[in-house]
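Take this structure, written in structure tokens, and hold onto it; I'll ask about it next.
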Amino acid sequence: MGNMKKADLQKLGVQTQAIHAGESPDAITGASTPNLVMSSTFVVDEEVSFSAHNISETTPFVYTRWANPTTSQLESKLATLEEAEACVAFSSGMAASAAVMFSHLGHGDHIVASNTNYPGTAEFLRDTLPRMGVEVSPVDTSRIASIETAIRPNTRMLWIETPSNPLLRISDIAAAADLAHRHGALLAVDSTFATPIATRPLSLGADLVVHSLTKYIGGHGDAMGGAVAGRSDLIGRLRGEGVIHYGSVLSPFNAWLILRGMATLPLRMRAHEENASQVAEFLEAHPRVERVFYPGLSSHPQHELAQSQMRNFSGMLSFRVRDPRRLADKMMRELAVIHYAVSLGHQRSLVYLLETEDLIESSYRLSGDELGKYRAAAGEGLFRLSVGLEDAVDLCADLDAVL
Ligand SMILES: *Cc1c(COP(=O)(O)O)cnc(C)c1O
């Protein structure tokens, strides 16, 4: 297995890839499991340039901010799962997102991005990029026409998050890629909610796929990390700037934990999907629940697109009730199994109220039609539920007790 070439790995099933890709037994000890290499520096036997611009795939390990043996195994495994030439890991999902935008956009460039997405990304787009002289157009990227209308001669990047936080909107990756390339722009996809088990954005034409490894890929809520996969030239630039110069390096210990989590990603995603579809159906039938958003439900406005683009509907759903504040208070006091907490993609189920006014004012700053659309869908707020790996019957009973 240690001698497997990338091309051979691509022929293997996804469960085999998740376990074996990027890993090989230790050449000296024969250790079967990846070693955790915490060393910050490496003894070299040839002169190695100190410049981030001179690093190639054959450069030996020199310094962990450049590359590390444990982290490299994670990068190589994720590259295989995403069918990517290359992958680079970061200290968090936000570090990965910020590096993509900082490294591939500059003063005078323009980006079109989802207008409702992960709040950290939303605020980075609206507050930080304009200060650097980058023009930003937040639009509903689930409507391809909205992206097209927003494109300008200086558009260099489209940024979509699919499924998106918290409405679970689906953006058409193949159509967005086509649009981006016709205008000489890159398409970056935040695929954190989908994971490579559901969707492989690069195979649909995207240029860069971004993950928070903190979520499904690590999967156990105990290690923060981020990653970007894509063509070698694009990833090389990200490593040179985002990791080596901005310093958003992933701790090898976190890489080791995340690598261990990745081995079971295909199995976990199957179980997340199975549980989420049962919980979604339970909530949709519940008299106290006004609306449920889950890409796997036929009531989802883009269920067909989700079916064509996702092999797994993942474990994220949102729902709304009347008087959400009161339910949130009750959840904090009375939920027995589900944790009232932010984040997602862990073995534990997590629920959190995303209040509409708060999100609109602090992160999305929507107005006009887009504000109307958001309010019509989300009401006063959405409960974002990351359905974990407990027994679905226990999750439904826990929710039933507070609803
Ligand atoms: C969590 C998340 C991020 C940010 O990742 P961190 O690891 O928390 O920095 C980005 N995008 C999405 C969709 C996320 O869920």
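The values are calculated or read from the model by the stated rules, or taken from the named source; none is laboratory data. The structure displayed is predicted, hence computed values, not measured ones. With ideal geometry, Cβ positions are generated from the backbone for all residues, glycine too; neighbour counts draw on all protein chains shown.
I need a count of the residues in the stretch 142-175 that are aliphatic (A, V, I, L, M) and under 13 Å from ALA194 (Cα atoms).
Number of matching residues: 4.
Right, another one. Only one of ILE244, ILE235 is assigned by TED's automatic domain parsing to the domain that holds ASN35 and out of contact with any helix residue (DSSP H, G or I) (no Cβ under 6 Å at 6 or more places or on another chain). Can you tell me which? Write out each step before concluding.
Values: ILE244 fails: out of contact with any helix residue (DSSP H, G or I) (no Cβ under 6 Å at 6 or more places or on another chain).
Answer to the check: ILE235.
Within 16 Å of the ligand (Cβ to nearest atom), surrounded by fewer than 24 Cβ atoms within 10 Å (Cβ to Cβ), outside any helix (DSSP H, G or I) and at pLDDT 95 or above - does that describe any residue in the stretch 33-47?
Checking the stretch 33-47: not a single residue is within 16 Å of the ligand (Cβ to nearest atom), surrounded by fewer than 24 Cβ atoms within 10 Å (Cβ to Cβ), outside any helix (DSSP H, G or I) and at pLDDT 95 or above.
Considering only the stretch 336-371, state which residues are closer than 28 Å to THR128 by Cβ and among the aliphatic types (A, V, I, L, M).
Passing the criteria: ALA341, VAL342, LEU344, LEU350, LEU353, LEU354, LEU359, ILE360, LEU366, LEU371.
Does the stretch 257-279 contain at least one residue that is farther than 30 Å from LEU36 by Cα and touching a Cys at 6+ places or on another chain (Cβ under 9 Å)?
Just the residues of the stretch 257-279 that are farther than 30 Å from LEU36 by Cα, to begin with: 273-279.
Filter once more, so that each one left must be touching a Cys at 6+ places or on another chain (Cβ under 9 Å): 278-279.
Yes, some residue in the stretch 257-279 is farther than 30 Å from LEU36 by Cα and touching a Cys at 6+ places or on another chain (Cβ under 9 Å).
Any chance the stretch 238-253 includes a residue that's touching a strand residue (DSSP E or B) at 6+ places or on another chain (Cβ under 9 Å), closer than 23 Å to ILE19 by Cα and small (Gly, Ala, Ser)?
no
Oh, and also: Kindly establish whether LEU366 is in a helix (DSSP H, G or I), under 25 Å from the mean Cα position of the chain (by Cα) and not hydroxyl-bearing (Ser, Thr, Tyr).
Numbers: in a helix (DSSP H, G or I): no; under 25 Å from the mean Cα position of the chain (by Cα): yes; not hydroxyl-bearing (Ser, Thr, Tyr): yes.
So LEU366 fails the test.
Please state which one of LEU354, LEU359 is under 26 Å from PRO138 (Cα atoms), touching a residue at least 40 places away in the same chain (Cβ under 8 Å) and assigned to a strand (DSSP E or B).
LEU354
Filter the stretch 316-351 for residues that are in a helix (DSSP H, G or I) and charged (D, E, K, R) and give the result.
ARG325, ARG326, ASP329, LYS330, ARG333, GLU334
Does ALA223 satisfy the condition of being surrounded by fewer than 22 Cβ atoms within 10 Å (Cβ to Cβ), more than 30 Å from GLU304 (Cβ to Cβ) and either of a type in the set (A, V, I, L, M) or near the ligand (Cβ under 10 Å from one of its atoms) (or both)?
yes
Would you check if VAL210 is within 12 Å of SER92 (Cα to Cα), within 16 Å of the ligand (Cβ to nearest atom) and in the same structural domain as SER91 (by TED's automatic domain parsing)? Give the derivation first.
Working: within 12 Å of SER92 (Cα to Cα): yes; within 16 Å of the ligand (Cβ to nearest atom): yes; in the same structural domain as SER91 (by TED's automatic domain parsing): yes.
Yes: the conditions hold for VAL210.
Right, another one. Could you tell me whether any residue of the stretch 18-32 is at pLDDT 80 or above, surrounded by fewer than 16 Cβ atoms within 10 Å (Cβ to Cβ) and not in a loop (DSSP other than H, G, I, E, B)?
Looking through the stretch 18-32, none of the residues is at pLDDT 80 or above, surrounded by fewer than 16 Cβ atoms within 10 Å (Cβ to Cβ) and not in a loop (DSSP other than H, G, I, E, B).
Here's another thing I want to ask about it. What are the residues in the stretch 149-166 that are within 12 Å of the ligand (Cβ to nearest atom) and out of contact with any Lys or Arg (no Cβ under 9 Å at 6 or more places or on another chain), if any?
TRP159, ILE160, SER164
Another question, then. Would the stretch 175-184 turn up any residue that is closer than 22 Å to MET310 by Cα, in the same structural domain as VAL228 (by TED's automatic domain parsing) and within 16 Å of the ligand (Cβ to nearest atom)?
no
Criterion first (more than 14 Å from the ligand (Cβ to nearest atom), modelled with pLDDT of 95 or more and not basic (Lys, Arg)) does ALA188 satisfy it? Walk me through how you get there before you give the answer.
Working: more than 14 Å from the ligand (Cβ to nearest atom): no; modelled with pLDDT of 95 or more: yes; not basic (Lys, Arg): yes.
Criteria not met by ALA188.
Still on this structure, I have one more. For ASP233, are the conditions met, namely being surrounded by 21 or more Cβ atoms within 10 Å (Cβ to Cβ) and more than 15 Å from the ligand (Cβ to nearest atom)?
no
Hey, another quick one. Might you let me know whether the stretch 252-275 holds any residue that is touching a Phe, Trp or Tyr at 6+ places or on another chain (Cβ under 9 Å), surrounded by 17 or more Cβ atoms within 10 Å (Cβ to Cβ), at pLDDT 95 or above and over 22 Å from ALA79 (Cβ atoms)?
yes
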